[in-house]
Amino acid sequence: MDVSFILDALNDKQREAVAAPLQNTLILAGAGSGKTRVLVHRIAWLMHAYEVSPFSIMAVTFTNKAAKEMQARIEQLVGLPPQGMWVGTFHSLAHRLLRAHWRDAGLKQNFQIMDSDDQLRLIKRIMREQNIDETRWPPKQVCWFINAQKDEGRRAAHVPPSNDPFSQGMHQLYYTYEEVCERTGVLDFGELLLRAHELLLNTPALLRHYQQRFVHVLVDEFQDTNTIQYAWLRLLVGDQGSITAVGDDDQSIYGWRGAKIENIQHFNKHFHDVSTIRLEQNYRSTGHILKAANGLIKNNDDRLGKELWTDSGEGEPISLYAGFNEQDEARFIISIIKKWRDDGTSLRDMAILYRSNAQSRVIEECLVREQIAYRIYGGHRFYDRLEIKNALAYARLGIDVNDDSAMERVINIPPRGIGERSIGTIRELARDQGCSMWQAAMEIVRQELLPARATNAIKAFLELIQGMQLTIQTDNLSLGDIFEQLIKEAGLIPYHEKEKGEKGAARVENLKELVNAASGFSWTQEDAEEEEYSSPMMAFLDQAVLDAGEAQADEYQDAIQLMTLHSAKGLEFPLVFLTGVEENLFPSRMSFEEPGRLEEERRLCYVGITRAMEKLYITYAESRRLHGSDSFNSPSRFINEIPPECLEEVRLRSQVSRPVSTQRPTFERPITRAAQLQGYQVPETNVSMGDRVNHPIFGEGLVVNYEGQGPQARVQVNFDDQGTKWLVLAFAKLEVLS
Ligand code: ATP
Ligand code: MG
């Protein structure tokens with residue numbers, strides 16, 4: 001069979017990687033050099049050149065979006081859906097193993113997954129029950145502690161003892177948390193990985209089976225694997241299998257969540273006969289964008305070291321825009337988007353990236369005002385929404401009445417007269433008897449342990465859920481019908497309709513959307529069983545937790561993409577806006593305190609820059625209202641680390657950028673780029689671009705920009721100690737120093 005078509009659209013190095021012998025291979029390469037492309041082509045190569053069955057292949061990526069993309073690309077290349085191949089994220093693959101071997105893993109058959117929100121709620125509940133002081137052991141920190149231990153592969157019993165009371169408290173909470181999860185059969189995200197690792201480790205026959213089955217393991221974004229993921233891979237690959245890992249040390253951005261860059265550095269030690277291949281030609285971005293990325297990342301130490309190049313030409317310089325505030329920044333972005341849209345670019349080819357979710361709100365509002373469609377990844381995602389989680393909790397209870405976290409969630413939503421006191425009694429009894437809250441509630445009703453009104457309210461709730469159990473088990477109801485019925489029985493629609501204003505209406509809309517999503521869920525009973533689920537409902541609930549965010553907007557609608565820098569990893573867009581590039585925000589303030597974190601922020605910036613194919617805008621705001629307070633940050637140090645010749649400053653007034661060569665410099669001291677670019681006298685004042693000035697409060701600085709005329713004239717001064725600020729000239733009392 002002619003397999004050359006697989007190698008056709010690749011360069012020599014890529015070809016070498018794709019057709020590498022069947023041994024352990026590490027492909028180490030910078031952004032946009034075709035790593036993911038190589039991985040997909042290698043899968044096709046294995047299937048065609050070596051006639052490897054798809055059953056023997058496992059491919060691991062980092063996000064659900066990337067996994068779907070990979071599946072689609074494989075299908076396109078080999079012409080068939082790769083049936084039997086396991087393609088997914090670490091979490092989804094671990095989950096699949098646990099569903100298939102729940103008994104060996106020591107789980108209940110219908111175990112439930114809880115997301116980070118549920119996890120925090122559970123921890124708070126445990127702390128309340130045990131009267132533990134939340135100010136001394138903040139629940140979020142407890143959560144973080146437990147997750148970090150799990151990422152390192154440590155159960156409570158494996159955590160080294162400590163003498164200090166704070167750590168001892170954390171440790172004790174981990175023990176209790178473990179007990180409660182075990183008893184109620186819920187798993188957090190970290191547990192999926194840990195449990196899947198233990199499953200293979202403790203069940204040699206199973207390990208052998210999977211080692212023999214998955215002879216070829218391929219991993220994308222390898223730089224972000226954590227200890228437990230790495231251990232799991234090593235176990236699975238064993239001595240017989242082979243692993244192909246692709247990664248970029250400069251894009252390691254999950255250190256704060258336990259990812260270990262060392263996993264790349266030690267790859268040669270842990271896997272035998274490794275051949276390492278480097279790719280350096282970038283196919284994604286223009287010369288200016290690449291040069292900016294190279295210049296920035298050079299400031300990090302301890303790199304494996306590589307320089308990207310492209311032969312696609314320089315392209316346009318990166319545009320830098322300074323907004324007065326976050327509103328101005330958003331308005332500017334929208335104006336550019338409209339321009340590109342009117343010139344014929346699809347909205348889906350544009351992305352707005354930001355450091356933290358909270359930044360998206362202002363941009364979203366602006367987009368809504370301008371009626372521009374957008375889709376948001378991360379942040380407040382569909383399945384994360386309160387009303388959706390409530391509806392899902394009813395379904396979870398209907399499947400397993402002993403699901404305490406679901407019960408906690410909805411026992412009094414909508415309010416049905418089961419107050420905190422009654423819930424407290426249920427909790428206490430459950431704890432004393434070592435049973436679930438459901439069983440405790442049954443006991444309270446049977447023995448009438450609470451006043452008649454409370455008892456009756458609990459009884460009504462128990463009956464409601466029993467009714468839902470019947471609904472869920474009804475044979476000829478579709479999943480959509482079941483959800484519609486559950487939402488109705490629970491009274492969720494009238495409950496939210498009573499809420500004031502837009503919010504309630506949006507919640508009702510969302511609940512209807514959930515029914516739609518369930519109706520569109522096409523799994524049959526046979527599909528479910530093939531994937532080790534007892535019913536389509538179980539599969540749907542799990543996907544809602546694992547897949548959060550990806551079912552929300554209509555996938556086919558043309559929409560701008562909004563996401564955090566973290567979720568942009570691996571993706572590419574012709575037009576990219578990197579927003580909020582300010583000190584304290586990006587790099588984030590937190591990164592100043594912990595060693596190594598600043599470098600991680602810089603890698604994150606590198607990831608952001610290298611998402612852009614044709615054009616990159618970097619924006620920042622001189623004042624920003626965030627989390628309810630105003631801050632005045634100077635432009636990020638990362639901007640200064642970009643070689644000046646790749647950047648040009650944009651001015652809103654004309655909304656065009658001026659290349660240096662067409663400027664008409666009127667003074668001799670163009671000290672900053674902006675001064676160099678603008679080169680104008682500020683009218684009717686004695687302050688000129690490039691002047692050093694003194695301000696009575698902010699001290700000395702350099703004039704770098706101006707806006708408006710006459711009494712409205714404003715100048716932008718880059719103060720030595722205070723960063724840049726816009727000042728109204730008429731009031732600013734600036735003294736010219738030079
Ligand atoms: P990242 O580090 O961001 O994940 P990557 O190394 O995985 O990037 P890819 O996404 O695989 O890079 O490739 C970047 C872009 O370059 C894609 O659009 C890809 O199709 C294109 N590309 C890669 N190699 C070639 C090639 N040999 N010929 C043409 N286009 C290519
Ligand atoms: Mg990639």
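The values are calculated or read from the model by the stated rules, or taken from the named source; none is laboratory data. Values in this document were obtained by computation on a predicted structure and should not be read as measured data. Using ideal geometry, Cβ is built from the backbone for each residue, glycine included, and neighbour counts are taken over all protein chains shown. Only protein heavy atoms, including side chains, enter the accessible area calculation; ligands, DNA and RNA are left aside. Shrake-Rupley method; radii C 1.70, N 1.55, O 1.52, S 1.80 Å.
Residue by residue through the stretch 248-279, note down the ones that are in a loop (DSSP other than H, G, I, E, B) and surrounded by 14 or more Cβ atoms within 10 Å (Cβ to Cβ). Across the stretch 248-279, the qualifying residues are D248, S252, I253, Y254, G258, K260, I261, F271, V274. Kindly check whether there is at least one residue in the stretch 573-588 that is in the same structural domain as R355 (by TED's automatic domain parsing), touching a residue at least 40 places away in the same chain (Cβ under 8 Å), open to solvent by 10 Å² or more (accessible area, probe 1.4 Å) and under 21 Å from I334 (Cα atoms). Yes. Considering the stretch 6-16 alone, what residues qualify as being within 16 Å of ligand 2 (Cβ to nearest atom) and acidic (D, E)? Passing the criteria: none in range. Search the stretch 280-297 for residues being closer than 13 Å to G30 by Cα and assigned to a loop (DSSP other than H, G, I, E, B), and hand back the single one that is most open to solvent (accessible area, probe 1.4 Å). If we take residues in the stretch 280-297 being closer than 13 Å to G30 by Cα and assigned to a loop (DSSP other than H, G, I, E, B), then Y283 is most open to solvent (accessible area, probe 1.4 Å).
Table: residues versus (1) at pLDDT 95 or above; (2) over 38 Å from the mean Cα position of the chain (by Cα).
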residue	(1), (2)
I444	yes, yes
I458	yes, yes
L462	yes, no
I465	yes, no
M468	yes, no
T474	no, no
S478	no, no
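Answer yes or no: is there a residue in the stretch 400-422 that is assigned to a helix (DSSP H, G or I), in contact with a strand residue (DSSP E or B) (Cβ under 7 Å, 6 or more places away or on another chain) and among the charged types (D, E, K, R). Within the stretch 400-422 (the criterion being assigned to a helix (DSSP H, G or I), in contact with a strand residue (DSSP E or B) (Cβ under 7 Å, 6 or more places away or on another chain) and among the charged types (D, E, K, R)), the answer is no, since none of the residues qualifies. Screening R37 on (1) open to solvent by less than 40 Å² (accessible area, probe 1.4 Å); (2) within 15 Å of ligand 2 (Cβ to nearest atom) shows it passes everything except condition (1). Residue by residue through the stretch 265-289, note down the ones that are more than 16 Å from ligand 2 (Cβ to nearest atom) and modelled with pLDDT of 95 or more. Result: T286, G287, H288, I289.
Can you tell me which residue is farthest from Q23 (Cα to Cα) among those in the stretch 242-264 that are hydrophobic (A, V, I, L, M, F, W, C) and more than 11 Å from ligand 1 (Cβ to nearest atom)? Before the answer, list the steps.
Step one: filter the stretch 242-264 for residues hydrophobic (A, V, I, L, M, F, W, C), giving 243, 245-246, 253, 256, 259, 261, 264.
If we keep only those that are more than 11 Å from ligand 1 (Cβ to nearest atom) too, we end up with 243, 245, 253, 256, 259, 261, 264.
Details: I243: 7, A245: 11, I253: 28, W256: 32, A259: 25, I261: 22, I264: 17 Å.
For the stretch 242-264, the residue satisfying everything is W256.
Going through (1) open to solvent by less than 10 Å² (accessible area, probe 1.4 Å); (2) among the charged types (D, E, K, R); (3) at pLDDT below 95 one by one, R611 falls short only on (3).
Looking at the stretch 40-59, which of its residues are of a type in the set (A, V, I, L, M, F, W, C) and either out of contact with any Pro (no Cβ under 8 Å at 6 or more places or on another chain) or open to solvent by less than 30 Å² (accessible area, probe 1.4 Å) (or both)?
Those that are of a type in the set (A, V, I, L, M, F, W, C) and either out of contact with any Pro (no Cβ under 8 Å at 6 or more places or on another chain) or open to solvent by less than 30 Å² (accessible area, probe 1.4 Å) (or both): V40, I43, A44, W45, L46, A49, V52, F55, I57, M58, A59.
From L511, L477, L486, grab the single residue that is farther than 16 Å from Y383 by Cα, surrounded by 19 or more Cβ atoms within 10 Å (Cβ to Cβ) and assigned by TED's automatic domain parsing to the domain that holds N390. None of the others qualify; the one that does is L486. Across the stretch 17-33, a minimum of one residue is classified as away from ligand 2 (no atom under 16 Å from the Cβ), open to solvent by less than 10 Å² (accessible area, probe 1.4 Å) and not in a strand (DSSP E or B).
Tell me, please, whether a residue that is more than 14 Å from ligand 2 (Cβ to nearest atom) and surrounded by 20 or more Cβ atoms within 10 Å (Cβ to Cβ) can be found in the stretch 60-72. Within the stretch 60-72, not a single residue is more than 14 Å from ligand 2 (Cβ to nearest atom) and surrounded by 20 or more Cβ atoms within 10 Å (Cβ to Cβ).
Return the residues of the stretch 206-241 that are charged (D, E, K, R) and either assigned to a loop (DSSP other than H, G, I, E, B) or within 16 Å of ligand 1 (Cβ to nearest atom) (or both); say none if nothing qualifies.
Step one: of the stretch 206-241, the residues charged (D, E, K, R) are 208, 213, 220-221, 224, 234, 239.
Scanning the stretch 206-241 gives D220, E221, D224, D239.
Of all the listed residues (V87, V38, V52), the sole one being part of a loop (DSSP other than H, G, I, E, B) and not assigned by TED's automatic domain parsing to the domain that holds N147 is V52. Within the stretch 110-145, the set of residues being modelled with pLDDT under 85 and under 23 Å from A196 (Cα atoms) comprises N110, Q112, M114, D115, S116, D117, D118. For the stretch 452-474, a residue qualifies if it is in contact with a helix residue (DSSP H, G or I) (Cβ under 7 Å, 6 or more places away or on another chain) and either outside the structural domain of A528 (by TED's automatic domain parsing) or charged (D, E, K, R) (or both), and exactly one does: K459.
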